[in-house]
Amino acid sequence: MRYHQVRQVDPAVADALEGERDRQENTLAMIASENHASEAVLRAQGSELTNKYAEGYPGHRYYAGCEYADTVEALAIERAKELWGAEHVNVQPHSGTQANMGVYLAILDPGDRILSLDLTHGGHLSHGHPANFAGQLFEVEHYGVDPETGYVDYDDLEARAESFEPDVIVSGYSAYPREVDWARVQAVADGVGAYHLADIAHITGLVAAGVHESPVGTADFVTGSTHKTIRAGRGGIIMCGEEHADAIDTAVFPGCQGGPLLHNIAGKAVGFGEALEPSFERYARQVVANAEALGDRLTDHGFSLVSGGTDTHLVLVDLRDSHPETPGAVAEAALEEVGVVLNKNTVPGETRSAFDPSGIRAGTPGITTRGMDEAACERVADVIARVVDAAHDERVTREAAGEVEELCAAYPLYDGDGELTNRW
Ligand SMILES: Cc1ncc(COP(=O)(O)O)c(C=O)c1O
């Protein structure tokens, strides 16, 4: 029994933990921000470092007993530098959002200006949504994607930068399927005297593997999540040039966090180590190849993809024309019922609402980790098409659920030793 120690003291939580493991094994995780971390990453995250306080940074702590904490954090930093080629790395942000908060705190004062992509066009809450601290503390203006092409409208970005005079321009997105032109954004930022923050939360793994161009060395600051495409411990990361190192470190601690979550940093170190193996590049390439295969097949089935396709790990489907009676929430629920777990999503030019949007977003990091290839992704696309075409037809749902069960059995998440089967 996997969670026998938890079960002895807390059967209710043990049931939920086992249930979650089974859910992940028996469904297809296609939420683009999710992945499956290795057993080694999970164990490191569940380690005794949970208990340790180590405010400060390696070699400069406010507490005693930090010998092993220092080793783990130094390894995470060293491996991150090797992966992304950054001069300075801070691995303490508790999440991607905290990483962005750290950068804002380092370079902005309350009332300063952020220029970022509209949330309904693929941006993130922490880029200045009114419900988020970033929208509450700072003045925010948005640029958009071109409504015709679905690509970031860099001319719009430039025009708004000139009129709004932001202190920081944020690039990097949550639901954007194309490569980002970091150099173009940096040139605009330089032209208006703003900083450029490239948030690679979703694509950290693709960038580390060289499958997506890197903003490191181009953008002033780069932030990311560490548990998405990079598949390491859960949390965030900030990268920058040496000239900003002190400002960033001070902004993270004591600026906006207390003690670092060293167990998560241990998970980051282990996952970064795994990503330095040659197999990780094969995995990342396959993630993109799988997203392309998924997108092409959905297009063959009559679905409309924002930007017409993908260069990354995700596809964004606009259901308005092809399935006007099946908005994102209905599609999400019908697909969850058959074991395809993805999320409803706004699309550029959204005509509904964030709670009841017009699209769905599907990602391939998780299903690629379980060994799926292009042919398997085409089968997944066939299932998605069948279910969304007939969201309320019980016979279709039953057959689709059977097909997902078969796919999960053919590409098991864990092998007999409990290790990820990832065959890339
Ligand atoms: C572009 C972007 N930035 C930041 C985040 C926030 O990451 P976290 O959920 O770790 O706070 C996300 C999450 O998906 C994201 O897509």
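The values are calculated or read from the model by the stated rules, or taken from the named source; none is laboratory data. Since the structure is predicted, the reported quantities are computational estimates derived from the model, not experimental observations. Cβ coordinates were reconstructed from backbone atoms using ideal geometry, including for glycine residues, and neighbour counts include every protein chain displayed. We work out accessible area using only protein heavy atoms, side chains counted, and drop any ligands, DNA or RNA first. Shrake-Rupley method; radii C 1.70, N 1.55, O 1.52, S 1.80 Å.
Here are the numbers for the structure shown:
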| item | result |
| --- | --- |
| Accessible surface of residue 356 - all protein chains present, 1.4 Å probe, nearest 10 Å² | 60 Å² |
| Antiparallel DSSP beta bridges within the chain, as percent of all bridges there, nearest 5 | 55 percent |
| Within straight-line cross-link reach of residue 81, aspartates and glutamates at Cα separation under 20 Å, skipping those fewer than 8 residues along the same chain | 70, 73, 199, 213, 220, 242, 243, 246, 249, 274, 277, 281 |
| Probe 1.4 Å, accessible area per residue of the stretch 283-376, Å² | 33 Å² |
| Whole-Å distance, taken between Cα centres, linking the stretch 372-413 and the stretch 283-339 | 13 Å |
| Lysines with Cα under 21 Å of residue 52, excluding same-chain neighbours fewer than 8 positions away | 268 |
| Hits among lysines - C-alpha to C-alpha of residue 344 under 25 Å, sequence gap 8 or more where chains match | 228 |
| Residues residue 405 and residue 62, FRET efficiency given R0 of 51 Å [Cβ-Cβ distance, rounded to 0.05] | 0.45 |
| Spin-label pair residue 16/residue 162, simplified geometry with 7 Å Cα→Cβ offset, distance in nm | 5.4 nm |
| Descending semi-axes in Å of the chain, equivalent ellipsoid built from Cα gyration tensor | 33, 30, 18 |
| Average accessible area per residue (Å²) across the stretch 62-121 - probe 1.4 Å, nucleic acids and ligands excluded | 43 Å² |
| Nonlocal amide H pairs with residue 171, under 5 Å, H built at 1.01 Å | 197, 198, 199 |
| Integer Hz, Karplus 6.51/-1.76/1.60 couplings in order for the stretch 188-197, x for Gly and Pro | 5, 4, 4, x, 10, x, 10, 7, 10, 10 |
| Percent carbon-and-sulfur accessible area, the stretch 1-89, ignoring ligands, DNA and RNA, probe 1.4 Å | 53 percent |
| 222 nm mean residue ellipticity, helices alone, for the chain (DSSP H n ≥ 4; -39,500 (n - 2.57); rounded to 500) | -13000 deg cm²/dmol |
| Rounded to the nearest 10 Å², the accessible area of residue 337 at probe 1.4 Å | 140 Å² |
| Signed unit charges on C-beta, dipole axis of the chain, positive-most listed residue 210, 355, 264 | 264 |
| By accessible area with a 1.4 Å probe, ligands and nucleic acids excluded, highest first: order of 173, 104, 3 | 3, 173, 104 |
| Cα gyration tensor category, rounded, prolate or oblate, for the stretch 1-104 with a/c compared to 1.5 | oblate |
